[in-house]
Amino acid sequence: MLATRVLLVDDDDVVRMTLTGVLEQSGFAMTTAANVPEALRLICGKESFDVLLSDLHMPGAGDGLTVISAMRHANPAAVTMLLTAFPEMTAAAAAILQQADEILVKPVNVTSLIDVINKRVAGGPLQKRVIESVASILERETTSTIRAWHARIERQPLLMSIPMSYDLRCSHLPILFRDLILRLRSNQNLGTNVLKPTGAAEHGAQRLSQGYRAAMLVEESRMLQVSIFETLQKNLASIDYSLLLIGVMTIADEVDLQLSRAMECFSGGPLCEASSVRGKISILEH
């Protein structure tokens, strides 16, 4: 019978060496990693594992989530277990993640740990979890995020001082979300604009003709980022943590790029003249 293969990830040398020695004596085949990059290399390598046992904080808060997410992608059949030194994190992590099969509080009772590992391996992962990319979540939640954005706008007296219908106020957002999702899936480097915003200049021209000031356009954009990040917060249980940080940075970069293009119409930029014509036509159509 083959030994249960365990990947232990912990940045504490003492914890890593102690648990490795005890678990090896109990018949487990141990592989260790001292940090997230090392763990990801092992997970994405040729060797597969039956169990992932990872510290939650190493050294940053929640670093273990990236490791858990990567294992879920590379080896969905593996049992995943988190170690945390903070008892209050047990309930919080269980509610937020729903990705780990077990959450254990340090210091771990070794006998109990061995029992838990054996039981989890015998039963397999608790459930199949759907892990999604940031782009997939935003694509699925586009309509609800736009509604949330509009609800925030309704609480802003300055923005509501210019009355318009829901459809007119939100008309630019489906195109913006399409651009954003495409950008997230393109792996384009941050700070570049290879993919040109398709409706930003027209949106700026439209808002200018509607009577907006530059500060109002900036506030709209700020509310959009808040609404998008709130959507991600609500979907933390299914999010791919290994891509979350780059996804968040890409969102901020793309929304700011869209705002920059829209703002050109408030300073007489080259994109404004042609877009203003289209913006006025769009207003008449509505």
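The values are calculated or read from the model by the stated rules, or taken from the named source; none is laboratory data. Only a predicted model underlies this, so the values are computations on that prediction, with no experimental measurement involved. Don't worry about glycine lacking a Cβ; one is built from the backbone with ideal geometry, like all the others, and counts go over all protein chains shown. These accessible areas exclude ligands, DNA and RNA; they are computed on the full protein's heavy atoms, side chains included. Shrake-Rupley method; radii C 1.70, N 1.55, O 1.52, S 1.80 Å.
Just the residues that are in a loop (DSSP other than H, G, I, E, B) and either touching a Pro at 6+ places or on another chain (Cβ under 9 Å) or among the hydroxyl-bearing types (Ser, Thr, Tyr) (or both), please, taken from the range 6-36. Give the steps one after another, and end with the answer.
Taking the range 6-36 and keeping what is in a loop (DSSP other than H, G, I, E, B), we get 10-12, 26-28, 34-35.
Residues satisfying the conditions are 11, 26, 35.
Selection of the range 60-80 for residues being crowded, with 20+ Cβ neighbours inside 10 Å and over 21 Å from the mean Cα position of the chain (by Cα) yields 78, 79. Looking at this structure, is residue 117 in a helix (DSSP H, G or I) and either within 30 Å of residue 27 (Cα to Cα) or open to solvent by less than 50 Å² (accessible area, probe 1.4 Å) (or both)? Yes.
Report, by residue number, each residue of the range 189-204 that is touching a residue at least 60 places away in the same chain (Cβ under 8 Å) and either over 24 Å from residue 247 (Cβ atoms) or open to solvent by 80 Å² or more (accessible area, probe 1.4 Å) (or both). Within the range 189-204, 201, 202, 204 qualify. Selection within the range 25-59: residues that are surrounded by 18 or more Cβ atoms within 10 Å (Cβ to Cβ) and of a type in the set (Asp, Glu). The member of this set that is nearest to the chain's Cα centre (by Cα) is 55.
Hey, can you tell me all the residues within the range 165-183 that are in a helix (DSSP H, G or I), among the hydrophobic types (A, V, I, L, M, F, W, C) and either open to solvent by 70 Å² or more (accessible area, probe 1.4 Å) or within 20 Å of residue 137 (Cβ to Cβ) (or both)? Hits for the range 165-183 are 173, 175, 176, 177, 180, 181, 182. Checking each residue in the range 16-34 for being in contact with an Asp or Glu (Cβ under 6 Å, 6 or more places away or on another chain) and more than 16 Å from residue 114 (Cα to Cα) picks out only 34. In the range 266-285, the condition of being open to solvent by 20 Å² or more (accessible area, probe 1.4 Å) and either among the aromatic types (Phe, Trp, Tyr) or modelled with pLDDT of 90 or more (or both) is met by at least one residue. Quick one: is residue 186 of a type outside the set (D, E, K, R), open to solvent by 40 Å² or more (accessible area, probe 1.4 Å), over 16 Å from residue 224 (Cα atoms) and at pLDDT 95 or above? So residue 186 fails the test.
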